[in-house]
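Trainee: Quick one: the structure is below, and I'll ask about it shortly.
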Amino acid sequence: MKIRYGTERWEKDRRMVVWRILEEREINPETVIVAINGEVVTEDDFAQPGDDVEIVRAISGG
Amino acid sequence: MKCRICRKKAAVKLPSHNTAFCKEDYLWWFQKNFRRTVKRFRMFKAGDRVLVGVSGGKDSLALWRLLVEIDLEADGLYIAQGIGHDELPYSDLGEDACREMAGKLGRPLKVVRVLAETGASVPELEGILRRKICSSCGLTKRYLMNREALEGGYDVLATGHNLDDEIAMLFANVLTWDLQRLAHQSPVSPQRGPKLIKKVKPLCHFSEREVLAYTMLSGIRTMREDCPHARGATSIKHKELFSRLERDSPGSKRRFYKEFLRNREIFEQAKPPAELAYCHRCAMPTTNEVCSYCRLLHRVAASKEEVHDGPPKPRKIEPEPASPAPSGLCG
Ligand code: SF4
Ligand SMILES: [Zn+2]
Ligand SMILES: [Zn+2]
């Protein structure tokens, strides 16, 4: 699966639960919304090989 | 995880409310709570004309749409700061997203350019005023939004500040125990005199994540890029700090803000709003003889003369002017 988070890009080749993808990168689930193939999902959902995972950061401002 | 309402697969989990919703029920929940906040704080009267300060980001565009959906005559105002460069034309991207939303809603969007108004873009102001860029950005934004709302005959100015913005501001004010700013922070700032428009923050009870989920689920296209000057900003650090707290103890953010609102009268009583005077140059409200915006205009004009007159003379760095709210929060 291809994973995007801001300007970062990385790949995983196995089925993974969303919270684990976030945990591996030390991303606090409270600060993001995740979409798999364009569909908003919870951190308990699974991403499959071949999926397009987008992690969108909620925190903004200056 | 299942939706609390229909038991279908959930799309959004809300630990602070100890619940989860599918797409349709999340949108319903969000709109219901939005209406509740608007009503509870008496933000609008029937027939009010509303000006929405839009940036192209998720909060302000979501707000604009929600206000139109509750049948308010809500128009957009975009303040073009002239921020960005070829690789990240931040202000242009924001303007595009606002224009797209204006088209979808069928409502007018007014664009006011800081460069045309002051003679310098916001990044140029930083060099001229030798003050942090967010300070000049906030000052010009506040002044121009108030002026446009008055000149356009609007009743209320609405901004997209969310719960995380409010908490970051509250936390910064508590860290310094700035009683004046604490007294001033509120979801509704009533009209003061004929020249200070009523201001409201209808998204103040939604976290940034909740607003983001709303925009993604309702298909609103927003600018995802951050302002290049926001990097390392204290308000972002405070937001991250509170998000860690929220993760360990869901509901902390909401509690902190709610309890503040319950007790904010204490600050109001301790620091009643200062008597307003009117600026000798532009006749807008100020607590000084000449308002900060007119002083800014003067400094820009002086800097242009210096360029014509030869090398710049050494300038004294001025202290930050006292402003009624922290200037660095965008939205
Ligand atoms: S971070 Fe916000 S306040 Fe600062 S310059 Fe950018 S838009 Fe303006
Ligand atoms: Zn449902
Ligand atoms: Zn003035």
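Trainee: In this structure, does residue B:66 turn out to be more than 16 Å from ligand 3 (Cβ to nearest atom), within 13 Å of chain A (Cβ to nearest Cβ), under 19 Å from the mean Cα position of the chain (by Cα) and modelled with pLDDT of 95 or more? Spell out the reasoning first.
Mentor: Numbers: more than 16 Å from ligand 3 (Cβ to nearest atom): yes; within 13 Å of chain A (Cβ to nearest Cβ): no; under 19 Å from the mean Cα position of the chain (by Cα): yes; modelled with pLDDT of 95 or more: yes.
So residue B:66 does not fit the description; no.
Trainee: Do you know which of the residues in region B:21-42 that are within 9 Å of ligand 2 (Cβ to nearest atom) and in contact with a strand residue (DSSP E or B) (Cβ under 9 Å, 6 or more places away or on another chain) is most open to solvent (accessible area, probe 1.4 Å)? Even if it seems obvious, please write down each step before you answer.
Mentor: The first filter runs over region B:21-42 and keeps only residues within 9 Å of ligand 2 (Cβ to nearest atom), leaving B:21-26, B:28.
Next, only the ones that are in contact with a strand residue (DSSP E or B) (Cβ under 9 Å, 6 or more places away or on another chain) stay: B:21-23, B:26, B:28.
Details: B:21: 0, B:22: 6, B:23: 91, B:26: 0, B:28: 113 Å².
It comes out as B:28.
Trainee: While we're here: Is at least one residue of region B:279-298 part of a helix (DSSP H, G or I) and among the basic types (Lys, Arg)? Break it down stepwise before answering.
Mentor: First pass over region B:279-298, keeping only residues part of a helix (DSSP H, G or I): B:292-298.
Narrowing further to those that are among the basic types (Lys, Arg): B:295.
Yes, some residue in region B:279-298 is part of a helix (DSSP H, G or I) and among the basic types (Lys, Arg).
Trainee: Name the residue, out of B:176, B:159, B:118, that is among the hydroxyl-bearing types (Ser, Thr, Tyr), surrounded by 17 or more Cβ atoms within 10 Å (Cβ to Cβ) and either more than 16 Å from ligand 3 (Cβ to nearest atom) or within 14 Å of chain A (Cβ to nearest Cβ) (or both). Give the steps one after another, and end with the answer.
Mentor: Numbers: B:176 fails: surrounded by 17 or more Cβ atoms within 10 Å (Cβ to Cβ); B:118 fails: either more than 16 Å from ligand 3 (Cβ to nearest atom) or within 14 Å of chain A (Cβ to nearest Cβ) (or both).
Selected residue: B:159, the only one of B:176, B:159, B:118 that is among the hydroxyl-bearing types (Ser, Thr, Tyr), surrounded by 17 or more Cβ atoms within 10 Å (Cβ to Cβ) and either more than 16 Å from ligand 3 (Cβ to nearest atom) or within 14 Å of chain A (Cβ to nearest Cβ) (or both).
Trainee: Now a separate question. At least 3 residues that are facing another protein chain (nearest Cβ under 10 Å) in each: list the strands (runs of 3 or more DSSP E) lying fully within chain A that qualify.
Mentor: Values: elements: A:2-5, A:8-11, A:32-36, A:39-41, A:52-57.
Qualifying strands (runs of 3 or more DSSP E): A:32-36, A:39-41, A:52-57.
Trainee: Let me ask something else. Does region A:9-19 contain any residue that is of a type in the set (A, V, I, L, M, F, W, C) and under 27 Å from residue B:88 (Cβ atoms)?
Mentor: Applying the first criterion (of a type in the set (A, V, I, L, M, F, W, C)) to region A:9-19 yields A:10, A:16-19.
Imposing the further condition that a residue be under 27 Å from residue B:88 (Cβ atoms) reduces the set to A:10.
Yes, the conditions are met somewhere in region A:9-19.
Trainee: Follow-up. Kindly indicate whether any position in region B:228-251 is more than 14 Å from every other protein chain (Cβ to nearest Cβ) and open to solvent by less than 20 Å² (accessible area, probe 1.4 Å). Spell out how you get there, then give the answer.
Mentor: If we filter region B:228-251 for residues that are more than 14 Å from every other protein chain (Cβ to nearest Cβ), which is where we start, we get none.
No: region B:228-251 contains no residue that is more than 14 Å from every other protein chain (Cβ to nearest Cβ) and open to solvent by less than 20 Å² (accessible area, probe 1.4 Å).
Trainee: Report the residue count in region B:1-60 for those that are of a type outside the set (Asp, Glu), within 12 Å of chain A (Cβ to nearest Cβ) and within 16 Å of ligand 1 (Cβ to nearest atom). Steps first, answer last, please.
Mentor: Of all residues in region B:1-60, those of a type outside the set (Asp, Glu) come to B:1-23, B:26-47, B:49-58, B:60.
Filter again for within 12 Å of chain A (Cβ to nearest Cβ), leaving B:1-3, B:9-16, B:19-23, B:26-27, B:55-58, B:60.
Going one step further and asking which of them are within 16 Å of ligand 1 (Cβ to nearest atom), we end up with B:55-58, B:60.
Residues that pass the stated criteria total 5.
Trainee: Report whether or not residue B:222 is farther than 22 Å from residue B:175 by Cβ and part of a helix (DSSP H, G or I).
Mentor: Values: farther than 22 Å from residue B:175 by Cβ: yes; part of a helix (DSSP H, G or I): no.
When the stated conditions are applied, residue B:222 does not pass them.
Trainee: Which of the residues belonging to region B:170-209 are assigned to a loop (DSSP other than H, G, I, E, B) and more than 25 Å from residue B:62 (Cα to Cα)?
Mentor: Taking region B:170-209 and keeping what is assigned to a loop (DSSP other than H, G, I, E, B), we get B:176-178, B:185-187, B:190-191, B:193-195, B:197, B:201-207.
Listed by number, the residues that qualify are B:176, B:177, B:178, B:193, B:194, B:195.
Trainee: A follow-up question, please. So if I check each of B:142, B:107, B:147, B:130, which one is assigned by TED's automatic domain parsing to the domain that holds residue B:191, surrounded by fewer than 17 Cβ atoms within 10 Å (Cβ to Cβ), in contact (Cβ under 8 Å) with a residue 40 or more places away in the chain and farther than 29 Å from residue A:7 by Cβ?
Mentor: B:130
Trainee: Mind checking whether some residue in region B:84-91 is free of Cβ contacts under 8 Å to residues at least 60 places away in the same chain, within 21 Å of residue B:156 (Cα to Cα) and not charged (D, E, K, R)?
Mentor: There is no residue in region B:84-91 that is free of Cβ contacts under 8 Å to residues at least 60 places away in the same chain, within 21 Å of residue B:156 (Cα to Cα) and not charged (D, E, K, R).
Trainee: Being closer than 19 Å to residue B:44 by Cβ, at pLDDT 95 or above and surrounded by fewer than 20 Cβ atoms within 10 Å (Cβ to Cβ) narrows it down to one residue among B:189, B:218; which is it? Break it down stepwise before answering.
Mentor: Values: B:218 fails: closer than 19 Å to residue B:44 by Cβ.
Selected residue: B:189, the only one of B:189, B:218 that is closer than 19 Å to residue B:44 by Cβ, at pLDDT 95 or above and surrounded by fewer than 20 Cβ atoms within 10 Å (Cβ to Cβ).
Trainee: Applying the selection to region B:198-219, what residues are more than 15 Å from residue B:29 (Cα to Cα), in contact (Cβ under 8 Å) with a residue 60 or more places away in the chain and within 13 Å of chain A (Cβ to nearest Cβ)?
Mentor: Listed by number, the list holds a single entry, B:208.
The values are calculated or read from the model by the stated rules, or taken from the named source; none is laboratory data. As the structure is a computational prediction, the values presented were derived from the model and not from experiment. With ideal geometry, Cβ positions are generated from the backbone for all residues, glycine too; neighbour counts draw on all protein chains shown. Heads up: the accessible areas ignore ligands, DNA and RNA and are worked out on the full protein's heavy atoms, side chains in. Shrake-Rupley method; radii C 1.70, N 1.55, O 1.52, S 1.80 Å.
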